[in-house]
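Report on the following structure.
The values are calculated or read from the model by the stated rules, or taken from the named source; none is laboratory data. Predicted model, so just to flag it, every value in this text is computed and none were measured. Don't worry about glycine lacking a Cβ; one is built from the backbone with ideal geometry, like all the others, and counts go over all protein chains shown.
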Amino acid sequence: MSNQTTDTPEDPQASAGSPQQPAEGPEVPEAPQEATEGQQEPQEDDDGNREAARYRRRLRDTEADRDRLAVQVEALQRAEVDRLADKVHNVKPEALWASGATLAEMLTAAGTVDPTKVAVAANAAEQTLGLNRRRGNRVPSEGRQTAYRPTPPKPTFADAFTTTAWSDGPA
């Protein structure tokens, strides 16, 4: 019976799919493979760590660019609101912001400045702060009692030799 046990494997699945390994003795070929695998794992970890660090740096750089661009877009939006308030609605931008208006309430859903919302905010600033809206162009001398009289031009040296200068005198 001992011949039968050595000739036939006990596990039929082990004999069908994989080669048989001897039951006796240490497994010499596997020990060097484990050592080389152990040496390769730190290299893979180092490569993985380097790659992860590279992605983290790229992410930080991208986030910094995003934040910088967001600040720049907000500054441009504020400049457009200031321009519309000052030039179109004749309200000083400082008065607009002092009335409690926020940039978010003057933007469209797409993030652009809405001129009608700026007009509403300018009117609200006038009502809230009791402002008199600057209307049109202002003439500095308007309302003065004396009228502006331009002075006649002074005669030049060339005027002394013209015939019109002698025509006033005796003939």
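List of remarks:
- Pairing residues of the stretch 149-171 that are modelled with pLDDT under 80 with residues that are not basic (Lys, Arg), at Cβ distances under 8 Å and at least 6 apart in sequence or on separate chains, gives 165/155; 165/159.
- Condition met for residue 49 (modelled with pLDDT of 50 or more and part of a loop (DSSP other than H, G, I, E, B)): no
Conditions tested, residue by residue: (1) without any contact (Cβ under 8 Å) to a residue 24 or more places away in the chain; (2) surrounded by fewer than 10 Cβ atoms within 10 Å (Cβ to Cβ); (3) hydrophobic (A, V, I, L, M, F, W, C).
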position: 77; (1), (2), (3): no, no, no
position: 82; (1), (2), (3): yes, no, no
position: 86; (1), (2), (3): yes, no, no
position: 95; (1), (2), (3): no, no, yes
position: 106; (1), (2), (3): no, no, yes
position: 113; (1), (2), (3): no, no, yes
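- Matching option when the condition is farther than 27 Å from residue 131 by Cα, at pLDDT below 95, within 28 Å of the chain's Cα centre (by Cα) and in a loop (DSSP other than H, G, I, E, B), among 101, 110: 110
To keep it simple, each residue is scored yes or no on (1) among the polar types (S, T, N, Q); (2) at pLDDT 85 or above; (3) in contact with a His (Cβ under 9 Å, 6 or more places away or on another chain).
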site: 7; (1), (2), (3): no, no, no
site: 10; (1), (2), (3): no, no, no
site: 13; (1), (2), (3): yes, no, no
site: 17; (1), (2), (3): no, no, no
site: 56; (1), (2), (3): no, yes, no
site: 83; (1), (2), (3): no, yes, no
